[in-house]
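Input: a single structure, listed below in structure tokens.
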Amino acid sequence: MNVSTRGRYGLRALLDLALSFSQGPVPLKGIASRQAISAKYLEQLFVELKKAGLLKSVKGARGGYLLARQPSELNLYEILRALEGGSLPLVDCLENPESCHRQGGCVVRLVWYEMEMKIKKYLGGLTLADLVELDKKKKTAE
């Protein structure tokens, strides 16, 4: 599984929103500035996140973006899937079995499959609320 810039930047932006979850809509420019991400690029990511139902936008002078659900209800696997465009295969043969002539009896493919399932379980068990807690612990330790 290769998490692209889209996944890394998008997750950072959503963590930014989770850190200020109870404070209302957050302007995109503020997120872009704090996370050192181009506002134009962030806009593109937010379009995908809105389509996936993970974000809401509020128009107007006090507008901005909000998480569509509580941080504890948004897991990292769901977020990365939305940002990366669907599934997150570890190797190509897991998503496209016909891409490999050895698919039928390949023992190594079973290893990749098990590893992918463990990654999905791990990311599916981590939420934005968990990252907020990790961020608090990190800041306390500094």
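Accessible-area rank, largest first, for 140, 127, 5: 140, 5, 127, with all protein chains present and a 1.4 angstrom probe. The relative contact order of the chain, computed from alpha carbon pairs under 8 Å that lie at least 6 residues apart in sequence, is 28 percent.
Taking other residues whose beta carbon is less than 15 angstrom from the beta carbon of residue 6, and scoring Lys, Arg as +1 and Asp, Glu as -1, yields +2. Distant-in-sequence amide contacts of residue 55, defined by a placed amide H-H separation under 5 Å and a gap of 5 or more residues or a different chain, comprise 50, 68. Quick one: of 29/139; 29/56; 51/120; 29/120; 40/137; 29/51, which pairs are farther than 26 Å apart, Cα to Cα? Pairs exceeding 26 Å: 29/120; 40/137. Charging the Cβ of each Asp and Glu at -1 and of each Lys and Arg at +1, and nothing else, the dipole of the chain about its Cα centre rounds to 540 debye.
Net charge dipole, segment 22-80: roughly 280 debye, given to the nearest 20, about the Cα centre with Cβ charges of +1 for Lys and Arg and -1 for Asp and Glu.
When the chain is treated as a Gaussian network with alpha carbon springs shorter than 10 Å, the biggest mean-square fluctuation among 91, 26, 108 belongs to 108.
Restricting to DSSP loop positions (anything but H, G, I, E, B) with no more than 13 other Cβ atoms inside 10 Å of their own Cβ, which trypsin sites (Lys or Arg not before Pro) remain in segment 71-142?
Working: sites: 81, 102, 109, 118, 120, 121, 136, 137, 138, 139; in loops: 102.
Of the trypsin sites (Lys or Arg not before Pro), the ones in loops of segment 71-142 whose Cβ has at most 13 other Cβ atoms within 10 Å are 102.
A Gaussian network model of the chain, with springs between Cα atoms under 10 Å, assigns the largest mean-square fluctuation among 94, 45, 110 to 110. Under 4 °C and 1.567 mPa s, how fast does segment 1-80 diffuse according to Stokes-Einstein, given a Kirkwood radius computed over C-alpha pairs? Answer in µm²/s, whole number. Translational D for this selection: 103 µm²/s.
For the residues 84, 43, 95, a GNM of the chain with alpha-carbon springs under 10 Å puts the largest fluctuation on 95.
Here are labelled values, (i) 8.4; (ii) 10.1; (iii) 11.5, and one is the computed mean projected area of the Cα convex hull in nm² for what I pasted. Which one? Checked against the structure: label (ii). Quick one: with all protein chains in place, what share of the accessible area of the chain is carbon or sulfur, to the nearest percent (1.4 Å probe)? C and S atoms contribute 54 percent here.
The values are calculated or read from the model by the stated rules, or taken from the named source; none is laboratory data. Worth saying up front: this structure is predicted, and the values here are computed from it rather than measured. Cβ sites come from the backbone with ideal geometry, for glycine too, and all protein chains shown count toward neighbours. For accessibility, only protein heavy atoms count, side chains too; no ligands or nucleic acids. Shrake-Rupley method; radii C 1.70, N 1.55, O 1.52, S 1.80 Å.
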